[in-house]
Structures are given as C-alpha cells and as structure tokens.
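J.: Quick one: the structure is below, and I'll ask about it shortly.
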Amino acid sequence: MEMSQYLEVFIEESKEHLQSCNEHLLELEKNPENLQIVNEIFRSAHTLKGMSATMGYEDLASLTHQMENVLDAIRNKKIVFTPEILDVIFLAVDDLDAMVESIASGGDGKRNVEAVVEKLIQIEQGNPINKTVKANEEEASTSVMESQQTSQEYDEFETTVLQQSSDQGFFTYQITVSLKKDCLLKAARVFMIFEALETLGEVIKTVPPVEELEEEKFDFEFLVTLISREPSDKIQKAILKISEVEKVVVHEFVAKASTHKETKQEIKAPEQETVEIVTPSLTEEKAEEKQTTSKVSNKTIRVNIERLDILMNLFEELVIDRGRLEQISQNLKDQELHETVERMSRITGDLQNIILNMRMVPVETVFNRFPRMVRQLARDLNKKIHLEIVGADTELDRTVIDEIGDPLVHLIRNALDHGIETPEVRKSRNKDEEGSVVLRAFHSGNHVFIELEDDGAGINKEKVLAKAINKGILTSEMAKTLTDTQIAELIFASGFSTADQISDISGRGVGLDVVKNTIESLGGSITIESQEGKGSLFSIQLPLTLSIISVMLVEIQEEKYAIPLSSIIETAIVHKDELMQAHNQTVIDFRGKVVPLLFLSDIFDVPVTKEEDAYYSIVIVRKGDKLAGLVVDGFIGQQEVVLKSLGSYLSSAYAISGATILGDGQVALIIDCNALIK
C-alpha cells in the first residue's frame, strides 16, 4: 500500500498532536498534581508514536516511545514530576517538531537525539521505586491473566448467546493472544486481530474490555471469546499472520451452566516477522472505527489550501463575468435577462460567502505557538510573565494568517524584552512581580483587530525623541510639535531601536519597521497607545480577506478608480465656497471636525478633460482616528471587485494597492487610503 498518499494527513495530525503536547505541558507546569493533564499528553504522544511507526519513521517513533515511558511513569506515580523533567520533555517535543518539519520539507525525519533520549532514560530508570513497582505490576498482571484464562465469566445474556450458538452448530473459542514485548503499536495490532477474527466469526467478549484494548490499557496479552464455524487451526493461522504476535492459545468449549469441554492448542509464531502496514490516522482512528456508529460521525475533511486557491481564482473570474453581464443587462434593458442576471448575482453572492468561509482559519493556529515561546523567553530574561489569550477563535483568511505570524512574534518579543520590567524593578514601582501580556483578537465590521497589551514600562518618549533626533529621523524643532501618539509611532521608523545593547530576544539592530511594512502590505494598519510606567497597546487592523473586496467606484476626469468601502465613512457634496485654508492645506468643516482635502486628480496626475464644476464630490475616508476627504469628479456606485496585483514592476506605485477588471473590460486602479493619510 502506498504511504505517500497519507503523508499530508500524517504531517497535519503530527503537528496537531505536538501542539497539544506543548499546550498541556504548560498547563502541567501550573498544576503538577493534575494527572488528567498527563493522560492527555500521554494520549497525544501515544498516537504520534503509532502514526510514526506506521509511516516508517522509526526515529520519530522511538523518541516518542521513550517520552511516552516517562509520561507513563509520571501518571502511575512511579516518578515525581519536577520542573527539570518538564524541561527535558519540552526538549523532546522540540526535537519531534524538528523531525516532523524535516518530513514536511521532503526530508527523512532523522535527527541526532541521543542527548535527549539519554536524559529520558535516566529519568525513567533513575528512581528505584520505578523498577520495583514495574516488576510487581508485571507479576500481578501475569497472575491476573492466568486466572482470566482458566476462569472466564459470562453474564446471563452472554451465556444465552453462547448456548444458542452451540445449538446451531457453532464452535465457541476462548483465544489468548500474546504480543511481542517490543511491540510499539499494540492498539493497531489489536485492531488487525479483530479485523481478522470478524471474517471468521463473531467476537462475544474480550478481557480486558474493547475500550481498554483500544487505549492500550493492557500489557501484552488479552483474551477474546469467539463463536465460529471455522476450525481452531484456521483461526490460529489467521492471527499468526499478523506481525508482532508472539503466541496464540485457543480453548474450545461448550457453553453450559457449569461444564467445560476443552481442547487446548498452543502455537508459537516463527522467528521472522511478516510485514503488515496499516493505513494512517491513523492507528487510533482505525481502532475506534466500530465506535463511530454510535457517536456523531465526523463531518469534516482536510482540503489542501492550493485547491482552495484554485477555487478562489476560478470564482474571481466568475465575479468579473458577473459584472460584465450586469452591465450588458442594464444596456439592453431586457426584463428576462435582467431577472436571470439578478438571480445569478444572488447565487454567486452566496457561493462567494461559502468560499470565503472555507478559507477562514481561526487565529488560534498562529496564537497557539506563543505560550511556549513566552515561557522560554521569560526564563531567558529572568522575568515573571503571564500571557493571556483572548478571542483565539476569531477567523481570518488563510493568506492573512500565513503572513501575520512573524510580525506578532516580533511584537511579543519586543513587549517581553523592552516592555515588561524585571521582578525587582516592578516591585520597586509597586507593581505585581509577574508582568501581564494580553493577546486578543476580535471582529469589527469587515476587519479583524489583533491587540497586544502589556502592563510594562511603556514607551519612554524622551528616549525615543533623543534617538530619533540622533538618527536624523527628525529635527529638534519638529520634535516639539509632535503629539504623544506621533512620538510613539517613531519606533516604526526604519532601523530605529531604543535598545542599549543588541540582543537575540528582540531588536538585533532592526526596528519595528518590518512589522509595519508587512501589516500594511496586507492592507492593514498598526497603531500604538502607550503610557509611560503603565504599559503599551499595539493594535493591528486587518481585512477579513484579500481577494474580493467591496468598493466605491469613482470617476476622476475620464478615469475610474475604486476606493475600498472598509475605509469609507460617507460621501458628501460641498460647494467651492465651503473650502477653507489651514496650515497651507485645503480643509472643510465636517461635522465639527477639520478634515483636510486630497485632490486625487493632482495626486495621480490625471489629464484634465472636463471643466471644473461649482461643487466637489468628496469621499470621507478614515485611517485609525485620522480623517481625510478625497476629492473626485463623480460617484459611479458600489461594486464587489476582484483585487489583482500590479506585479513586481509596478509594486512601488504610490497609493495604489492593486487593480480590478470592470464589467466593460476597463481596468480600475484600487486606491490605498492608508498610504494617502499620514
């Protein structure tokens, strides 16, 4: 059977299990007495081990198996859990993560993990109680199994079934199966044995119960009661074909109230193993297959993001054609055509929502890497820091999710290094020794906001100004006119850093300009609010999706432009007499606020072909708390358009974020309002 077809599933599920391990290990650090958390980590490690062995990644399976041994000893109270043990398990998870990443990038998943394996073995074997308890348990388990083999009990219902089967000519067998001691995939082997037995008869009872077998709550032996018309030797051979089965013992008996007629056969497996491959997910999913009929069936599937990209591209073409049909319908004024196009517009609108929702991914996929990172950085910096994550289920387009991770990492590192003070400094300032960092996400209109708030030292405005003047970013005279917000935003200047020493935690001589550029390239914006001594709040505004956007089409002379609706507050028409001059700039009084006007015909150097009117058409747009009025020659109307890139050659075009093809085949440039408002 080809394993390559399951590789993508294996990689995705492995990453999920490793992330689960990371999250639960962090919980365990806070609640070391909670063995339920250990069970969850053990379950993830166990599944990963089975999947790895099934796929043939033995190094991955071996390391996970070693980690599983330590977790098993902890949950069975053979080892006392300590922070040192937690550090070693974290190192093992890091190695496992690197191995999975190697496989994902086409590698073989091999890695030198001798150091961490040696530490895990020392932990497992270092406590004398471990060996004693283990030996006692094995002895007790053996005696229990022996007693089960000779005195298997059945309830009234099971006895009736067995007796009726015997009356109808069926044989009743008690089968004891022994797996090899080095078997890594006990649950998988159990499933394969059951699969083989069910082709020969019907399983009536197992010891231990099926649920415990699936969770590997047994050593290496288990007992199965089977009714079948097949002879015992055929049953034995069927089981012995399965690899890692060491021994099969069969008891045939007649089920009556108190009598047994037994014939015993025992066959040992040959030395060589038969290779058997199980379909991944891999082993655990197979073993649980029987239970799914009584549970809610899984109605989700994994879809490669490339397929969704292709689907989105095809739909974008459909949107362009839809716009063309709408225009043709308006020109021809045919009622039937108009109704058909209207219906098509509604259907494609619903289809668009479905496709966009399919591409939506919770920001949790980005956020869930940060708790572990914050823990490690806090230890490196000798600080006490509590990270709180709010709104992790907020959804964003996958293309945005892929790009937002690195900027957030940089902001968090910056908050931990420059923002949060050391416990001694915080104590001297009458603060809690443990600093607080809150990462939150929420929807607002057609945008998603991601905020990073800390209760640290805030931004030292004098230090920022001094550094900015020293770097030549602004003059001393300019510095006197800046507001607190404008001073805070100076840290986004290229190459700006207030760090006295370059460190590996944040900065490294590179400022936050990279963060700002990345966010603005996604059509978003970032703002800062800071109070010195109290903390800072970084707020990122991002569009829900980057592909299809709602715009207001406007005319500037003979040319058409599109302004994203997400930036527009409202439109207005003002008379020339209402224009005023302030600080060498044309402004208007808009609802009590002084709003500067930007003449787009001048900014984009549009050739003049029409005479000026006595009235100006104005689009009021917003960037954060700043407003501006864009002067245009006329409004065409609202439309959904496909955002197309201008390509690398025109990527530097000022205040233009892309272009779109209109229904009549014309190209309209999409205005970047964030670039226009300073």
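J.: State the extension gain, in nm to one decimal, for the chain segment bounded by I636 and E16, taking 0.36 nm per residue of separation less the distance between their alpha-carbons.
T.: Contour length minus Cα-Cα distance gives 218.3 nm.
J.: Are any of the pairs K576/K644; K427/K463; K516/K610; K333/K576 more than 29 Å apart by Cα-Cα distance, and if so, which?
T.: Checking Cα-Cα distances, K576/K644; K516/K610; K333/K576 exceed 29 Å.
J.: Counting only residues 5 or more places away or on other chains, whose amide H sits under 5 Å from the amide H of G109 once H atoms are built in the peptide plane?
T.: I103
J.: Once label points are set 7 Å from the Cα along Cα→Cβ at both I121 and S62, what is their separation, rounded to one decimal in nm?
T.: Computed distance between label sites I121 and S62 equals 1.0 nm.
J.: Check which residues have an amide H placed less than 5 Å from V587's amide H, if you skip close sequence neighbours.
T.: Result for V587 returns M580, Q581, A582, L597.
J.: Taking the Cα centre of each part, how many Å lie between segment 23-80 and segment 151-224?
T.: Between the Cα centre of segment 23-80 and that of segment 151-224, the gap is 27 Å.
J.: Using the Karplus equation 6.51 cos²θ - 1.76 cosθ + 1.60 (θ = phi - 60°), what ³J(HN,Hα) coupling, rounded to whole Hz, does each residue of segment 375-389 give in order, writing x for Gly and Pro?
T.: Along segment 375-389, the couplings run 4, 5, 5, 4, 5, 5, 8, 6, 10, 9, 9, 10, 9, 10, 10 Hz.
J.: Provide the gained length on full extension for the span D321 to R591, in nm with one decimal, where the gain is 0.36 nm per separating residue minus the Cα-Cα distance.
T.: Extending this stretch completely gives an extra 93.2 nm.
J.: Give a residue-ordered list of calculated ³J(HN,Hα) values for segment 202-215 (Karplus: 6.51 cos²θ - 1.76 cosθ + 1.60, θ = phi - 60°; whole Hz; x for Gly, Pro).
T.: 10, 7, 9, 7, 9, 10, x, x, 4, 4, 6, 5, 5, 8
J.: Right, here's the next one. Quick one: check the C-alpha center-to-center distance for segment 601-625 versus segment 347-377, whole angstrom.
T.: 38
J.: Sticking with this one: First measure r as the distance between the Cβ atoms of R622 and E33, then evaluate 1/(1 + (r/R0)^6) with R0 = 45 Å and state the FRET efficiency to the nearest 0.05.
T.: Once rounded, the FRET efficiency stands at 0.30.
J.: Give the peptides 407-420, 221-234, 97-110 in descending order of average Cβ contacts within 10 Å, highest first.
T.: 407-420, 221-234, 97-110
J.: Okay, moving on. Test of understanding: ordering F538, F253 by Cβ neighbours within 10 Å, fewest first, what list do you get?
T.: If I rank by nearby Cβ atoms, fewest first, I get F253, F538.
J.: A further question follows. Using the count of nearby Cβ atoms within 10 Å as a rough guide to exposure, how do C21, C673, C183 rank from fewest to most?
T.: Placing the least packed residue first, the sequence is C183, C673, C21.
J.: To continue, here is another question. Quickly rank 609-615, 479-485 as a protection proxy: mean count of other C-beta atoms within 10 Å, highest first.
T.: So the order, starting with the most tightly packed, is 479-485, 609-615.
J.: Now for a different question. At 4 °C and a viscosity of 1.567 mPa s, what translational diffusion coefficient does Stokes-Einstein give for segment 4-126, taking Rh as the Kirkwood radius over Cα pairs? Give it in µm²/s as a whole number.
T.: 90
J.: Further question: What does the highest-first list of 86-96, 305-315 look like by mean Cβ count within 10 Å?
T.: Highest-to-lowest ranking by the protection proxy: 86-96, 305-315.
J.: Right, here's the next one. How high is the FRET efficiency from K77 to T481, r the C-beta distance, R0 60 Å, rounded to 0.05?
T.: Result of the calculation: an efficiency of 0.35.
J.: Using 1/(1 + (r/R0)^6) with R0 = 30 angstrom and r between the beta carbons of L311 and D334, what's the FRET efficiency to the nearest 0.05?
T.: 0.45
J.: Whose amide H sits under 5 Å from the amide H of G634, counting only residues 5 or more places off or on another chain, with H placed in the peptide plane?
T.: Residues meeting the criterion, in which the H sits 1.01 Å from N, are E555.
J.: Ok, one more. For segment 318-326, in order, what is each residue's ³J(HN,Hα) by Karplus, 6.51 cos²θ - 1.76 cosθ + 1.60 with θ = phi - 60°, in whole Hz (x at glycine and Pro)?
T.: 5, 5, 4, 5, 4, x, 5, 5, 4
J.: Full-extension gain between M373 and A104, please, as 0.36 nm times their residue separation minus the C-alpha to C-alpha distance.
T.: 94.6 nm
Every read-out reported here was derived from the displayed coordinates using simple, explicitly stated rules and does not represent laboratory data. All of these numbers come straight from a predicted model, not from anything done at the bench. No Cβ is skipped: glycine too gets one built from the backbone with ideal geometry, and neighbour counts run over all protein chains shown.
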